[in-house]
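Below: the structure, in structure tokens.
The values are calculated or read from the model by the stated rules, or taken from the named source; none is laboratory data. Everything quoted here is computed from the prediction, not taken from an experiment. Cβ placement follows ideal geometry from the backbone for every residue including glycine, while neighbour counts extend to all protein chains displayed.
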Amino acid sequence: MHIMILTDAIGGQATKDEADTLAQVTAVKRALRRLGHSVEVGYFSLNLIQAARRIQASGCDLVFNLVENLASSRLLHLVPLLCQSIGVRCSGGSSTTLCLSGDKVEAKRLLSLKDLPTPDWIESGDQKYLRAFLNIPMIIKARAQEASVGITEDSVRTFSHIRDFKALFEEGDVFIEEYIEGREFNLSILPGGVVLPPAEILFVDYPATKTRVVGYEAKWEEDSFAYQNTRRTFTFTEEDTPLINHLTHLAQETYDLFGSSGYARVDFRVDRHGRPYILELNSNPCIAVDSGFVAAGEQAGYSYERLIEALITEA
């Protein structure tokens, strides 16, 4: 096939997460060429007429969607929707999946309606409702951003006054979620709903005073303590088997709830009583060669090229 890798137009001052997108483009382009496809790179624009013309002019058989850095994750569904409207196949999550998962509050509302466990949250509300969240650890998250943008150790806070909640909502497009102290797991899912081996994120040698959170530093700042001491494992004890089976079932249910399309990753926290909570479904997660998704694929016997082939075969 002739494949267009569609990605973001990134300037010279790329942030760490934007630079990771560039690395993904390079890796995917190399893999596709090794698989025998011809490849070109195109750049997505919110001028949808211009973007559609660019795709059509390429004569491509397939768009490989690596658009990740729009101003809001609420806009990411425009890529597969545009491709659908001009009759060009597109890899990854459908417009429905990306739309449902792009707004994290609406995604949590959907999980709750389906009775799937997710941490309690607030996005606004009257004083009576806010009062229930005073004096317990909460984490502040951007409502429509990916790649842990804006999440730091200081994002976990305990609020003593209702006015502090209200001040945050006035400052930006955020929501506040109950912070679940415990273990963190990621379950990656191939197109078609095949769940890859689960990974646990270990917080190695963290002092008791340091908050265990996979924030921006842990993902991107290579010189930071969080990056160097946050590690991934696929090894579990026999005692973990019931938990792993339960997480796998919840990951499949979540994938189905959000449209059963493309590849995805479901992130969990498990509290000290062994109760799992779904943090989010990440459609089109990072597929850089050192990413968690690729590591899970390797555990299942996939080479990088075979994994990329699986992502385009479904499309």
Hits in the range 174-188 (condition: buried (at least 17 other Cβ atoms within 10 Å of the Cβ) and part of a loop (DSSP other than H, G, I, E, B)): 179, 180
Whichever residue in the range 39-64 is without any contact (Cβ under 8 Å) to a residue 60 or more places away in the chain and in a loop (DSSP other than H, G, I, E, B) and, among such residues, is farthest from residue 22 (Cα to Cα): 59
Close pairs from the range 12-36: first within 20 Å of residue 72 (Cα to Cα) and of a type in the set (Ser, Thr, Tyr), partner surrounded by fewer than 18 Cβ atoms within 10 Å (Cβ to Cβ) and modelled with pLDDT under 90, Cβ under 8 Å, at least 6 apart: 21/10
Selection from the range 65-89 of residues that are out of contact with any Leu (no Cβ under 7 Å at 6 or more places or on another chain) and outside any helix (DSSP H, G or I): 68, 69, 71, 72, 87, 88
Scan of the range 90-115 for residues that are in a loop (DSSP other than H, G, I, E, B) and either of a type in the set (S, T, N, Q) or within 18 Å of residue 189 (Cα to Cα) (or both), ordered by number: 91, 92, 93, 94
Unmet criterion (only one of (1) closer than 21 Å to residue 21 by Cβ; (2) under 15 Å from the mean Cα position of the chain (by Cα); (3) at pLDDT 95 or above) for residue 297: (2)
Test: residue in the range 242-254 that is modelled with pLDDT of 95 or more and among the charged types (D, E, K, R): yes
Boolean, residue 216 is under 21 Å from residue 15 (Cα atoms) and touching a residue at least 12 places away in the same chain (Cβ under 8 Å): yes
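Show me the strands (runs of 3 or more DSSP E) found entirely inside the range 189-307 where at least 3 residues are surrounded by 15 or more Cβ atoms within 10 Å (Cβ to Cβ).
Working: elements: 199-203, 230-233, 264-271, 276-283.
Of the strands (runs of 3 or more DSSP E) lying wholly inside the range 189-307, those with at least 3 residues that are surrounded by 15 or more Cβ atoms within 10 Å (Cβ to Cβ) span 199-203, 264-271, 276-283.
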Leading residue by the ranking (nearest to residue 99 (Cα to Cα)) among those in the range 251-298 that are hydroxyl-bearing (Ser, Thr, Tyr) and touching a Gly at 6+ places or on another chain (Cβ under 9 Å): 283
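Specify which of the listed residues (30, 89, 74) is modelled with pLDDT under 95 and surrounded by 14 or more Cβ atoms within 10 Å (Cβ to Cβ).
Numbers: 30 fails: modelled with pLDDT under 95; 89 fails: modelled with pLDDT under 95.
None of the other options fit; the residue is 74.
Among the candidates 180, 176, which residue alone is within 30 Å of residue 288 (Cβ to Cβ) and within 26 Å of the chain's Cα centre (by Cα)?
On the way: 176 fails: within 30 Å of residue 288 (Cβ to Cβ).
From the options 180, 176, the qualifying one is 180.
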Residues that are over 27 Å from residue 230 (Cα atoms) and not in a loop (DSSP other than H, G, I, E, B), drawn from the range 137-173: 162, 163, 164, 165, 166, 167, 168, 169, 170, 171
